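Okay, so here's the structure we're looking at.
The values are calculated or read from the model by the stated rules, or taken from the named source; none is laboratory data. Small disclaimer: the values here were computed from a predicted structure and weren't measured. Note that each Cβ is placed from the backbone with ideal geometry, even for glycine, and that neighbours are counted across all protein chains shown.
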Amino acid sequence: MITTVLAFLLTLAVLIVVHEYGHYRVAVACGVKVLRFSVGFGRVVWRRQKSPEHTEFVLSALPLGGYVRMLDEREGPVAPGQLGQAFNRKPLRQRAAIVAAGPLANLLLAALLYAGSHWIGVDEPKAVLGAPASGSLAERAGMRSGDWVRAWQDDSGEWVELRSLNDLRWQLTQRMLRGEPLQLLVSDAAGRGSRQVRLGLDELGAQEPDAALMKRIGLGAAYSEPVMGEVKPGGPAAAAGLRQGDRVLAVDGVPVEDAQTLRERIRAAVRHGQGQGQGQAMAWRLLRDGQELTLTVTPRVVQDSAAGGEIGGARAIGRVDAFIGAPAAMVKVQLGPLDGLRQGAVRTWEVSVLTVRMLGRMLIGEASLRNLSGPLTIADVAGQSAQQGLAYYLGFLALVSVSLGVLNLLPLPMLDGGHLMYYLFEGLTGRPVSDAWLARLQRGGIAVLLMMMSVALFNDVARLLGLH
């Protein structure tokens, strides 16, 4: 809990300070007098100011944002000798640069954070795949358990190396949203042989990459050998005589390719009838200490609400109360200084485009509003990433920084993007937006922002309660 709170506060502090510093630094460079630089809103809890002529730096009680207050005739009288330092007296290009500097600072920070994460390096699952789901795109394309996806083909026809399974999932997500096929270069787990596989994502159309769609595609978890892990005392696995380290070769005469296949066979081993169903006995052929033997395993039945079903919104599935599967093969993804910077810039651009596309799809109803997250989810993920290590936390911080930068560039009143739209109007017409229209747009912008915040907070609570 303490780690989560501290990670969340650090996340807010870094993102707010960088955003507002972008406004502040460009304002000073343009000769605008900055009256106050505030982190947070409400009651001031800390203040520092060299002299009345210098900027006042403050820390306020509500740390959910910040602001830079500049000398401006629209907000109060300005002494004749300071008119040249007033924001509203500056040329249009300088005012636009000052406003745009905040979100651009967040995007620049994201690129540096992604680069830092790549410099440190993270351990990620190797792109060796488990068995594809039955009837999925991957199965129809000829993907098999143990396939190692080595590269993907970009728009120019060049093959780009895949560093990990996470890298594959990222490319998959982008192609899904664009409704385009993905061409892959595949070998076996040992790197022998090479073949091209075309995933026909264009057959699905541009859809939201949710769990159901991912199942239709069929590229799931990393390959894991069908080896028994810890066996819970008193459970069906222990009762059948299974031991940790047993390698399962076949179930009911059908070869078992990987741990995911074995888990699915266990879940499906339920004889449905009256009540909650009954576990169905299975003949497991396994290898133990170099010798083959056959054991009869009968799963117990539980109701899984996450799976969906007929009885009370749940479905009866089998469990054997044992950990199944050897740890997946891992690779350390680490880049040098120049490659890290380049990849940081590329990832920032890709995430920015993906964020805009998802917001657009939510706006027209093609993507669920459940994708909006608020402070509770951010705090939870911040704590989890901080516990995983510095590289993971930097990657998370970069993701939130991109989101903040893109959100602030949206053409909504009250946001930086809204002010840039005012300046675009002024540049095209030669006159500023009228005060009456400004007031109307501000009210509309507040309503939209409050609605977005309410939806995000609702999603946070729903996730905590297990409703999403």
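For segment 231-263, residues that are closer than 25 Å to Leu219 by Cβ, surrounded by fewer than 17 Cβ atoms within 10 Å (Cβ to Cβ) and of a type in the set (D, E, K, R) total 2. Of all the residues in segment 175-189, those that are farther than 18 Å from Ser145 by Cβ, modelled with pLDDT of 85 or more and not in a strand (DSSP E or B) number 3. Are any of the residues in segment 416-428 touching a Gly at 6+ places or on another chain (Cβ under 7 Å), more than 17 Å from Leu10 (Cα to Cα) and touching a residue at least 12 places away in the same chain (Cβ under 8 Å)? Within segment 416-428, one or more residues are touching a Gly at 6+ places or on another chain (Cβ under 7 Å), more than 17 Å from Leu10 (Cα to Cα) and touching a residue at least 12 places away in the same chain (Cβ under 8 Å).
Could you tell me whether segment 117-125 includes any residue that is without any contact (Cβ under 8 Å) to a residue 12 or more places away in the chain and assigned to a helix (DSSP H, G or I)? Write out each step before concluding.
First pass over segment 117-125, keeping only residues without any contact (Cβ under 8 Å) to a residue 12 or more places away in the chain: none.
No, the conditions are met nowhere in segment 117-125.
Is there a residue in segment 73-90 that is among the β-branched types (Val, Ile, Thr) and either out of contact with any helix residue (DSSP H, G or I) (no Cβ under 9 Å at 6 or more places or on another chain) or not assigned by TED's automatic domain parsing to the domain that holds Leu410 (or both)? I'd like the intermediate steps shown before the answer.
Of the residues in segment 73-90, the ones among the β-branched types (Val, Ile, Thr) are 78.
Now narrow it down to the ones that are either out of contact with any helix residue (DSSP H, G or I) (no Cβ under 9 Å at 6 or more places or on another chain) or not assigned by TED's automatic domain parsing to the domain that holds Leu410 (or both): 78.
Checking segment 73-90: at least one residue is among the β-branched types (Val, Ile, Thr) and either out of contact with any helix residue (DSSP H, G or I) (no Cβ under 9 Å at 6 or more places or on another chain) or not assigned by TED's automatic domain parsing to the domain that holds Leu410 (or both).
Residues of segment 73-91 include at least one that is among the hydrophobic types (A, V, I, L, M, F, W, C), in a helix (DSSP H, G or I) and touching a residue at least 12 places away in the same chain (Cβ under 8 Å). Selection within segment 188-206: residues that are without any contact (Cβ under 8 Å) to a residue 60 or more places away in the chain and farther than 18 Å from Glu139 by Cβ. The member of this set that is surrounded by the most Cβ atoms within 10 Å (Cβ to Cβ) is Ser194. Only residues that are in contact with a strand residue (DSSP E or B) (Cβ under 8 Å, 6 or more places away or on another chain) and either without any contact (Cβ under 8 Å) to a residue 24 or more places away in the chain or in the same structural domain as Ala386 (by TED's automatic domain parsing) (or both) were counted in segment 139-156, giving 1. All of (1) in contact (Cβ under 8 Å) with a residue 40 or more places away in the chain; (2) among the hydroxyl-bearing types (Ser, Thr, Tyr); (3) surrounded by fewer than 20 Cβ atoms within 10 Å (Cβ to Cβ) hold for Tyr114 with one exception: (3).
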